[in-house]
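Chemist: Would you mind keeping the following structure in view while I ask a few things?
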Amino acid sequence: MSTKNPFSLLLKTVSVAAIAVLSWSAHAEEQVYRLTLAETWGENTPILGDASKNMAKLASEMSNGRLQIHIDSANKHKAPFGVFDMVKSGQYDLGHSSSYYWKGKVPNTLFFSSMPFGLMTTEQYAWFYRGGGMELMQEVYAPHNLLSFPGGNSDIQMGGWFKKEIKSLADLQGLKMRIPGFAGEVFARVGASPVNIAPGEMFTALERGTIDAAEWVGPAFDLRMGLQKIAPFYYTAWHEPGSETQFLVNKKKWETLPKDLQVILETAFRVSAFDMYVQAIDANAVAWEQMRKENPEVQVRDFPEDVMNAMRTANKELLAELAQKDELAKRIIDSQDAYLKKVRAWTDISTKAYLETSKVE
């Protein structure tokens, strides 16, 4: 008869198996996932480029080093407007860009950056996260093996820099302006000639007369570009009341990540997006103060009433045409319109009323 205790053997077997499982788990937890990101912006572009860097740093820290993200700027990959295709194909795992750059490929992507006369930044974030915007955005990107997440907001964007003052609608006829997205289509409808060129080419194009006007972002970005040195008329906002960038994700790559790393990555997107918004507000305030001192020739202008009326009409017509042609476009437009009416009623008696009654001495 054997003297070995069967329970002792069983305990030993279980112990060995448990050690093996724990060893495997520890190894799995230590696995490093290396992702690549292509951004539309040039190297060291302030605010826009900071969002990607902040996101990568957050993802690494929150994952205890298990997520490592390498960033290639436009000067590295040489395709600022190729980010969509590079992430879609898997050449890069992630991208940081702006959704309206893809309207020529997928027209419904343009709704998720900023729409003329539409939602302001805080209103748009509320729509994304509480009003069904995220679900609609993923529906648009899903057929392209992509996920899209809000990637940071530059807040209200100025109407652009013009070499000559716009005194009436007649002054827009044939005017060549760098202005992307749906706003470019609105400008075209009222007689201007919109041009979509990469940010790094704007100054040269304006200087050489290839274009007559350029829309970029706001003082923090424009001051660095030097646009105020060439075009002294600075027009106020209408076309991008809350310009949102995006983090693009290759969906197949996303599905290979453990659930906890998916949550960490999405959290890093969200936090860095908020940081970019805060940074943009502060940087615009600082840059505008500097610009007023160093460039007294800059003249802030509102577009004339006939121009604004024509653009509002054109905007409504273009939206109606899109809604008629595409069922998904109609659902997005209807969603944004309904949310705007709901949230703007509150904005009017809160933010707007406060600004009208509160004066800074």
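We did not get these values from a lab; they are worked out from the coordinates using the rules stated. Just so it is clear, the structure is predicted and the values come from calculations on it, not from any experiment. Cβ placement follows ideal geometry from the backbone for every residue including glycine, while neighbour counts extend to all protein chains displayed.
Chemist: Return the single residue from P304, P116, P296 with maximal mean-square fluctuation; model: Gaussian network over the chain, springs between Cα atoms under 10 Å.
Modeler: In this elastic network of the chain, the residue with the biggest mean-square fluctuation among P304, P116, P296 is P296.
Chemist: From a point 7 Å beyond the Cα of R301 in the direction of its Cβ, which residues of segment 148-166 have a backbone N at a distance under 20 Å?
Modeler: 157-166
Chemist: With the cut-off at 26 Å, tell me which of the pairs K76/K253; K293/K359; K251/K325 have Cα atoms farther apart than that.
Modeler: From the list (K76/K253; K293/K359; K251/K325), the Cα-Cα distance tops 26 Å for K251/K325.
Chemist: Loop only per DSSP, at most 12 neighbouring Cβ atoms within 10 Å: give me the trypsin sites (Lys or Arg not before Pro) in segment 103-197, ordered by residue number.
Modeler: K105, K164, K167
Chemist: Turning to a different aspect of this structure: Once you list every other residue whose beta carbon is under 11 Å from the beta carbon of I166, what net charge do they have if Lys and Arg are +1 and Asp and Glu are -1?
Modeler: -1
Chemist: Amide H neighbours of H96 under 5 Å, at least 5 residues apart or on other chains, H built in the peptide plane: list them.
Modeler: Close amide H contacts, sequence-distant or interchain: A38, E39, T40, L248.
Chemist: Restricting things to alpha carbons, find the Rg to Rh ratio for segment 105-263 using the Kirkwood radius for Rh.
Modeler: Rg/Rh for segment 105-263 comes to 1.03.
Chemist: Taking the Cβ of each residue in S63, S193 as the centre, tally the other Cβ atoms inside 10 Å and list the residues starting with the fewest.
Modeler: Ascending Cβ contact count within 10 Å gives the list S193, S63.
Chemist: Now, a different point. What is the set of long-range amide H partners of S113 at a cut-off below 5 Å, with H atoms built 1.01 Å from backbone N?
Modeler: Result for S113 returns Y100.
Chemist: Bin width 10 Å, alpha-carbon pairs only: give the P(r) of segment 40-111 as whole percents, running from 0 to the bin holding the largest distance.
Modeler: Final binned percentages: 19, 46, 30, 5.
Chemist: Residues with beta-carbon under 14 Å from that of R270, excluding R270: net charge, scoring Lys, Arg +1 and Asp, Glu -1?
Modeler: -2
Chemist: Viscosity 1.002 mPa s, temperature 20 °C: give me the Stokes-Einstein translational D for the chain in µm²/s, with Rh taken as the Kirkwood radius over C-alpha pairs.
Modeler: 96 µm²/s
Chemist: Choose one answer from T351, T210, T267: the residue with the largest mean-square fluctuation in a GNM of the chain with alpha-carbon springs under 10 Å.
Modeler: Most flexible of the set in this elastic network: T351.
Chemist: Quick check for segment 102-179: number of Lys pairs with alpha-carbon distance under 22 Å, counting only pairs 8 or more apart or on different chains?
Modeler: Pairs that pass both the separation and distance tests number 4.
Chemist: Please express the Cα-Cα pair-distance distribution P(r) of segment 263-361 as a list of whole percents, one per 5 Å bin, running from 0 to the bin with the greatest distance.
Modeler: The calculated distribution, bin by bin, is 2, 9, 8, 10, 16, 20, 17, 11, 6, 2, 0.
Chemist: What value, in deg cm²/dmol to 500, does the helix sum -39500 (n - 2.57) over DSSP H runs of n ≥ 4 give at 222 nm once divided by the residues of the chain?
Modeler: Rounded to the nearest 500, the figure is -16000 deg cm²/dmol.
Chemist: What distance in nm separates the two pseudo spin-label positions at S193 and T347, each 7 Å out from Cα along the beta-carbon direction?
Modeler: 3.4 nm
Chemist: Over the residues of segment 240-301, compute the C-alpha Rg and express it relative to 2.2 N^0.38 Å.
Modeler: 1.75
Chemist: OK, next. Test of understanding: in a Gaussian network model of the chain with alpha carbons linked when under 10 Å, which of L147, L206, L322 would top the mean-square fluctuation ranking?
Modeler: Taking springs between Cα atoms under 10 Å, the residue moving most is L322.
Chemist: Where a Cα-Cα gap under 26 Å defines reach, which lysines qualify for K352, not counting those fewer than 8 residues away within the same chain?
Modeler: K316, K341, K342
Chemist: Which of the trypsin sites (Lys or Arg not before Pro) found in segment 23-100 are loop residues per DSSP with 11 or fewer other Cβ atoms within 10 Å of their Cβ?
Modeler: K78
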